[in-house]
Amino acid sequence: MADCHLVAYRAAGLNPVAITSRSESKAREVAARHEIKTVHLDWHDLVADDQVEVLDVAVPPDVQLEVV
């Protein structure tokens, strides 16, 4: 999911600035691969980040209501 969405965002001229994941190592791996500077360890921190203007809520269906 991350590679598909992030590639599409870059192609559209958007600049992803932060990322989070349930797995810190996965978030850091994806961030490095896509040159994203900020890795948040909790989605609450991502939502509170003033640099973030748009969110892609790509979470499993059973978590979506909590995040939205």
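Suppose every Lys and Arg Cβ carries +1 and every Asp and Glu Cβ carries -1, with no other charges. What dipole size does segment 2-67 come out with about its Cα centre, to the nearest 20 debye?
That gives a dipole near 300 debye.
Which of Val67, Leu55, Gly13 sits farthest toward the positive end of the charge dipole of segment 10-68, with +1 on the Cβ of Lys and Arg and -1 on the Cβ of Asp and Glu?
My answer, from the dipole projection, is Gly13.
Whole-Hz ³J(HN,Hα) for each residue in segment 38-47, computed from phi via Karplus 6.51 cos²θ - 1.76 cosθ + 1.60 with θ = phi - 60°, x for glycine and proline: what do you get?
10, 10, 9, 8, 9, 5, 4, 5, 4, 4
For the chain, what is the mean residue ellipticity at 222 nm derived from helices alone (per DSSP H run of n ≥ 4: -39500 (n - 2.57); sum divided by total residues; nearest 500 deg cm²/dmol)?
Working: 4 runs with 33 residues, N = 68.
Rounded to the nearest 500, it is -13000 deg cm²/dmol.
Within the P(r) computed for segment 2-67, what percentage of the Cα pairs occupies the region above 20 Å? Could you put the intermediate results ahead of the total?
Details: 476 of 2145 pairs.
It works out to 22 percent of all Cα pairs.
Just grab the label-to-label distance for Val52 and Asn15, each label 7 Å out from Cα along the Cβ direction, in nm (one decimal).
The answer from the label model is 1.8 nm.
Take every Cα pair under 8 Å in segment 2-67 that's 6+ residues apart, average their separations, divide by the length, and report that relative contact order as a whole percent.
Once divided by the residue count of segment 2-67, the mean separation gives 26 percent.
Compute the helix-to-body angle for 24-33: its Cα long axis versus the longest principal axis of the chain, expressed 0 to 90° and rounded to tens.
It is inclined by approximately 20 degrees.
Bear in mind that the values in this text are calculations on the coordinates, not laboratory data. Everything numeric in this text was worked out from a predicted model, so none of it was measured. Here the Cβ is made from the backbone with ideal geometry for all residues, glycine too, and neighbour counts use every protein chain on show.
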